[in-house]
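To start, the structure under review is shown below, and the notes come after it.
The values are calculated or read from the model by the stated rules, or taken from the named source; none is laboratory data. Keep in mind it's a predicted model, so treat the numbers as computed, not measured. Neighbour counts are summed over all protein chains in view; Cβ atoms, including those assigned to glycine, are modelled from backbone coordinates with ideal geometry.
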Amino acid sequence: MRNAQSLAKIQRALIIDLDVHQGNGTAVLTRDDPSIYTFDMYAARNYPAIKESVDLAVPLPDGADDATYLAALAEHLPRAITAARADAVVYLAGADPFVEDRLGYLNVSKAGLLQRDEIVLNACRLARLPVTVSMAGGYAEKVDDIVDFHFSTVMSAALVALDFCRSCEA
């Protein structure tokens, strides 16, 4: 992101952090940089105990299920995209909001995480924002579940990119 800025490829960036933990490291690194807007949706009671300040924080209650999680995303993501006035997006696609995650505190299903990715990626496509995806989190008992989430995220991104390319040809 900063490299793209230094090369004058982008001026402003949006970080969409959907890892279950508050993105305190990202918050600290971007705290004094108005060219980087951070939208962070996380389990309120989760690590860290003392939260860092971000542009748009959406703390979720313990046990938030698909409906609660996706409604919060649908409400706040458009606000973040508008407020950021970004040229590009970094999407942190956490696998740890999953209901069977040992450290997550949320109850989002596999289908809910897939829907989350589709919402984020399609919103970025509609806003004509290029997206880089970073896998994040994932502490489920079954490692295959974590792999499935990350694979689904990559496939969703590929399908959205393919759809975007096809629309450019038309």
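Return the only residue of Arg125, Arg85 being at pLDDT 95 or above and of a type in the set (Lys, Arg).
Arg85
Examine the range 32-47 for a residue that is in contact with a Ser or Thr (Cβ under 9 Å, 6 or more places away or on another chain), without any contact (Cβ under 8 Å) to a residue 40 or more places away in the chain and surrounded by fewer than 17 Cβ atoms within 10 Å (Cβ to Cβ), and state whether such a residue exists.
No, the range 32-47 contains no residue that is in contact with a Ser or Thr (Cβ under 9 Å, 6 or more places away or on another chain), without any contact (Cβ under 8 Å) to a residue 40 or more places away in the chain and surrounded by fewer than 17 Cβ atoms within 10 Å (Cβ to Cβ).
Report yes if some residue within the range 62-73 is farther than 23 Å from Thr132 by Cα, under 16 Å from the mean Cα position of the chain (by Cα) and among the small types (Gly, Ala, Ser); otherwise report no.
Yes: one or more hits.
Restricting to the range 94-103, name every residue that is in contact with a Leu (Cβ under 6 Å, 6 or more places away or on another chain) and either closer than 18 Å to Ala127 by Cβ or of a type in the set (Phe, Trp, Tyr) (or both).
Answer for the range 94-103, where residues must be in contact with a Leu (Cβ under 6 Å, 6 or more places away or on another chain) and either closer than 18 Å to Ala127 by Cβ or of a type in the set (Phe, Trp, Tyr) (or both): there is none.
Just a yes or no: is a residue in the range 79-91 surrounded by fewer than 18 Cβ atoms within 10 Å (Cβ to Cβ) and farther than 18 Å from Ile15 by Cβ?
No, that holds for no residue.
Conditions tested, residue by residue: (1) part of a loop (DSSP other than H, G, I, E, B); (2) touching a helix residue (DSSP H, G or I) at 6+ places or on another chain (Cβ under 8 Å); (3) free of Cβ contacts under 8 Å to residues at least 24 places away in the same chain; (4) acidic (Asp, Glu).
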position: Tyr91; (1), (2), (3), (4): no, yes, no, no
position: Gly104; (1), (2), (3), (4): yes, no, no, no
position: Gly112; (1), (2), (3), (4): no, yes, no, no
position: Gln115; (1), (2), (3), (4): no, yes, no, no
position: Val120; (1), (2), (3), (4): no, yes, no, no
position: Ala123; (1), (2), (3), (4): no, yes, no, no
position: Leu129; (1), (2), (3), (4): yes, yes, no, no
position: Val133; (1), (2), (3), (4): no, yes, no, no
position: Gly138; (1), (2), (3), (4): yes, yes, no, no
